[in-house]
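What follows is a single structure, written as structure tokens, with notes after it.
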Amino acid sequence: MDRGTVGSANRGRLQVEARTEGRSEVVTPVGELDHHTADLLREPLESAVEQGRSRLVVDCSRLDFCDSTGLNVLLGARLKAEAVGGGVHLAGMLPVVARVFEITGAEAVFTVHATLEEALET
């Protein structure tokens, strides 16, 4: 499997790492995803789609918080990926983050996996 690190960014409460693994672009947000940090996640997701990598896997296992702005970033990435035949897979959500998706009904529009490994196998 290809495990090259593409890049990372950091803005205080959120760090985002992105890498290509097989046919997927794996994006890992670490920390708090909110109005002030959302662009750090939006940029690598949009960049991946623009570069032809439309199967996006967001490893949420180290995401401690996600507000509506973060949710909108993921929904926007989903629309862009699906427009070019791809999709967004969410992996390893902590209960506090999963609850946001449950309350809003957003879990119904994403493919959700218990682990990153599971997301990469499908």
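The values are calculated or read from the model by the stated rules, or taken from the named source; none is laboratory data. The structure displayed is predicted, hence computed values, not measured ones. Positions of Cβ are generated from backbone atoms using ideal geometry, with glycine treated the same way; all protein chains shown enter the neighbour counts. Areas reflect the complete protein model, heavy atoms only, side chains present, ligands, DNA and RNA absent. Shrake-Rupley method; radii C 1.70, N 1.55, O 1.52, S 1.80 Å.
A few remarks follow.
- From the list L75, L116, the one residue that fits, being farther than 16 Å from S24 by Cβ, open to solvent by less than 80 Å² (accessible area, probe 1.4 Å) and out of contact with any Cys (no Cβ under 8 Å at 6 or more places or on another chain), is L75.
- Scope the stretch 18-40; condition part of a strand (DSSP E or B), over 20 Å from G76 (Cβ atoms) and in contact with a helix residue (DSSP H, G or I) (Cβ under 9 Å, 6 or more places away or on another chain); matching residues: T20, E21
- Residue match in the stretch 75-86 (condition: touching a Lys or Arg at 6+ places or on another chain (Cβ under 6 Å), within 20 Å of A48 (Cα to Cα) and either free of Cβ contacts under 8 Å to residues at least 40 places away in the same chain or aliphatic (A, V, I, L, M) (or both)): yes
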